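Working notes for the structure below.
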Amino acid sequence: MKDIEQAAKLILNSAYVLCLTGAGISVESGIRPFRGPGGLWTEFGEPPMDGYQRLLQNPKKHWEEIARRGSRDSEFVRALGEAKPNPAHLALAELEQLGILKYLITQNIDNLHLADGSYHVAEIHGNSQKLRCVRCGNRYAREAISLEILPPQCPRCRGLIKTDTVMFGEPIPKDMLRLCQRETDKADCMIVVGTSAFVYPAAGFPLEVKQKGGILIEINPYATEISPLCDILLKGKAGEILPQLVVSIKAIR
Ligand code: OAD
């Protein structure tokens, strides 16, 4: 409790508070993380790292495989479809509405921040509900693109359409990277929630905030790559800690 109050004070004393979220924030919404206890890859191992290259080599085959999988969706895809925002997503939306949280960078593709009223959200690994053109980078709602002829083409530039979700081996889209960098440059405090801080470039943002003298507050039940650098470690589940943090911020503001 003392740590939560101290975190609340540091947040209120900061000029530009940014948040970085990872898979852990959605665990309480029923979506498994990738690493750590209960992680998909802890159980099944990491998938091949050349998914994007294989898509580019044979886009038709890639899309036909997606079409074939259809109703035999993986456990992960099913969980994405069923997940609802949890109190952690709600707490961050409230912090934004209070004018305290300025921007949120999420590595999650599950749309749960946007579904729960956060507006300033950069989805660095994309959004599973959207499609994106490989050539011009334009994003589309899934329903806006016909899948009758595979692979689908961009209505604007005729480029190849893929899911917006960033694949293994795929560079982060330039517009998204620029947005994340712009926000990180402004931040003097970062709340890091539910990420192993293992995957770059996202894992580099807290390091940058720290390097320029900013504050790092981590919310996670377990230690991560960046725990040693953090000013405050709030050990526990995001869905329990974040609502308490908001209560504390409102009490002393
Ligand atoms: P990870 O699965 O690597 O890490 C999840 C983190 O959440 C771990 O540090 C857990 O300790 C923590 N955690 C678990 N339950 C939690 C809870 N209830 N509350 C708070 N934290 C909890 O997930 P990410 O760091 O997001 O990329 O992984 C980064 C990227 O790796 C993903 O975006 C994905 C993958 O490659 C793509 O798919 C492109």
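The values are calculated or read from the model by the stated rules, or taken from the named source; none is laboratory data. Quick caveat, the model's predicted, so the values are computed rather than measured. So basically every Cβ, Gly included, is an ideal-geometry build from the backbone, and we count neighbours across all protein chains shown.
When the residues of the stretch 143-162 are narrowed to those that are of a type in the set (A, V, I, L, M) and in a loop (DSSP other than H, G, I, E, B), which ends up farthest from residue 126 (Cα to Cα)?
Taking the candidates together, the pick is 149.
Just for the stretch 47-83: of the residues that are surrounded by 11 or more Cβ atoms within 10 Å (Cβ to Cβ) and in a loop (DSSP other than H, G, I, E, B), which one is modelled with the lowest pLDDT?
73
Being more than 16 Å from the ligand (Cβ to nearest atom) and touching a residue at least 60 places away in the same chain (Cβ under 8 Å) is the filter here, so list the residues in the stretch 182-198 that pass it.
Listed by number, the residues that qualify are 183, 184, 186, 187, 188, 189.
In the set 109, 66, which member is closer than 17 Å to residue 163 by Cα and within 13 Å of the chain's Cα centre (by Cα)?
109
Tell me the residue from 28, 43 that is within 16 Å of the ligand (Cβ to nearest atom), of a type in the set (Asp, Glu) and either part of a strand (DSSP E or B) or surrounded by fewer than 11 Cβ atoms within 10 Å (Cβ to Cβ) (or both), please.
Only one candidate passes the filter, namely 43.
Quick one: is residue 201 more than 9 Å from the ligand (Cβ to nearest atom), in a loop (DSSP other than H, G, I, E, B) and surrounded by 14 or more Cβ atoms within 10 Å (Cβ to Cβ)?
Yes, satisfied.
Out of all the residues in the stretch 2-17, is one or more surrounded by 13 or more Cβ atoms within 10 Å (Cβ to Cβ), within 16 Å of the ligand (Cβ to nearest atom), within 30 Å of residue 161 (Cβ to Cβ) and not acidic (Asp, Glu)?
no
Quick one: in the stretch 226-242, of everything that is among the aliphatic types (A, V, I, L, M) and without any contact (Cβ under 8 Å) to a residue 60 or more places away in the chain, which residue is nearest to the ligand (Cβ to nearest atom)?
Out of the qualifying residues, it is 226.
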